[in-house]
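Novice: Below you'll find the structure I mean.
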């Protein structure tokens, strides 16, 4: 089922919906209040639990890392990325027109701010020695500055989905481009190890190479990651990802995230608190106006359509019971998030958990999709 969704660190931010940290690290804290304009990009810091958030207006929100500055005054185009320098003592911020803002020890090598682009810039990747960088546009057009070498682009191809990010090879002699559907394009010494283009799921957000460059992870916005080449799902890097709802199930999970930390109340339907079945029912009702049975065992018996555990998608209902063959024995339900993670009302509050946290003995053989 891909990489686990480790921790939610911010929810309910305007234009963001949710920020998650996946991989070995845990959450760095909760972003307080609403961010306006919307958060557009994240960049990992030196610690696995630290990162920067960049808003479309160029405001910077640091978590566990210092701020080295941000643009002042109105921008020509919105910021779409923030990328740290190699020693984490600075960063670049890039706008959709390719305008570049450099802070700390991140040098300025040039920009496309004065060039008419076919498609907007979606990201920046520094060269190996930080002596230059590439800008990539949504059509896969690549622009190189400093010592970053141009190895090719998809700018003259017709793509099924737009390019969302690029990643250089460890030696800097090539790069991968990845599209929103998980399609991968290789240039220079970058080797193709596979793609997730034919795998349904949430939009892809980035490709992260292994240290050897002989593999990579392709991260979807919900924290699931496909491993290719020598990459494995057992030891992926920490990544802060932005999630926006796409499906009704996404919207149900977003509502459940907004309830995190609220108390567990037996028979609770919200908004003050919830029990397990009350949370999943309220999440689907508020997100998409879909109603079903109130009690967990009735939900397992009648809510939506049955789906096997191997096919669970974001927002599907997962269940636990004393007998895997008796629906009346079901005693707990939760919303599936992705990557083996769930959001549930259990213990004394609404929280994130794991599909296998209590083993598989009581886990019912299938879930339900409202």
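Novice: Can you give me the P(r) profile for the range 123-168? Cα pairs, bins 10 angstrom wide beginning at 0, each as a whole percent.
Specialist: 31, 52, 16, 1
Novice: Rounded, prolate or oblate for the range 144-249? Axes are the square roots of the Cα gyration tensor eigenvalues, ordered a ≥ b ≥ c, and the cut-off for rounded is a/c under 1.5.
Specialist: Numbers: a/c = 1.86, a/b = 1.32, b/c = 1.41.
Because a/c hits 1.5 or more and a/b fails to exceed b/c, the range 144-249 counts as oblate.
Novice: Turning to a different aspect of this structure: Relative contact order for the range 87-133: what percent, with Cα pairs under 8 Å and sequence separation of 6 or more? Mind showing how you got there, number by number?
Specialist: Details: 58 pairs, mean separation 15.0, N = 47.
Reported relative contact order: 32 percent.
Novice: What shape does the range 258-302 have by the C-alpha gyration tensor, where a ≥ b ≥ c are the square roots of the eigenvalues, rounded means a/c under 1.5, and otherwise prolate means a/b greater than b/c and oblate the rest?
Specialist: oblate
Novice: For the chain, with a Gaussian network of springs between Cα atoms less than 10 Å apart, report the residue from 283, 85, 212 with the top mean-square fluctuation.
Specialist: So, out of 283, 85, 212, the one fluctuating most is 212.
Novice: If you don't mind, another one. Any idea what angle helix 248-258 forms with the longest principal axis of the chain, computed on alpha-carbon atoms, 0 to 90 degrees, nearest 10?
Specialist: So the helix axis and the longest Cα principal axis differ by about 90 degrees.
Novice: Whole angstrom only: what separates the Cα centroid of the range 220-242 from the Cα centroid of the range 60-102?
Specialist: 24 Å
Novice: Also: What shape does the range 238-370 take by its C-alpha gyration tensor, where a ≥ b ≥ c are the square roots of the eigenvalues and a/c under 1.5 counts as rounded, a/b above b/c as prolate, and the rest as oblate?
Specialist: Details: a/c = 1.31, a/b = 1.17, b/c = 1.12.
Cα axes put the range 238-370 in the rounded bin.
Novice: While we're looking at this one, here's another question. Tell me, what is the percent relative contact order of the chain, built from C-alpha pairs under 8 Å that lie six or more residues apart?
Specialist: Worked out over the chain, it gives 13 percent.
Novice: Hey, another quick one. Any chance you could give the angle, 0 to 90 degrees and rounded to 10, that helix 276-288 forms with the longest Cα principal axis of the chain?
Specialist: Long axis of 276-288 versus the principal axis of the chain: about 50 degrees.
Novice: Let me ask something additional. Given a cut-off of under 8 Å on Cα pairs at least six residues apart, what relative contact order in percent is computed for the range 189-312?
Specialist: It comes to 13 percent, rounded to a whole number.
Novice: In addition: At 7 Å along the Cα-to-beta-carbon direction for both residue 198 and residue 331, put a label point, then send me their distance in nm to one decimal.
Specialist: 4.5 nm
Laboratory data are not the source of any read-out in this text; all were calculated from the coordinates shown. Bear in mind the structure is a predicted one, so any value in this text is a computation, not a measurement. Note that each Cβ is placed from the backbone with ideal geometry, even for glycine, and that neighbours are counted across all protein chains shown.
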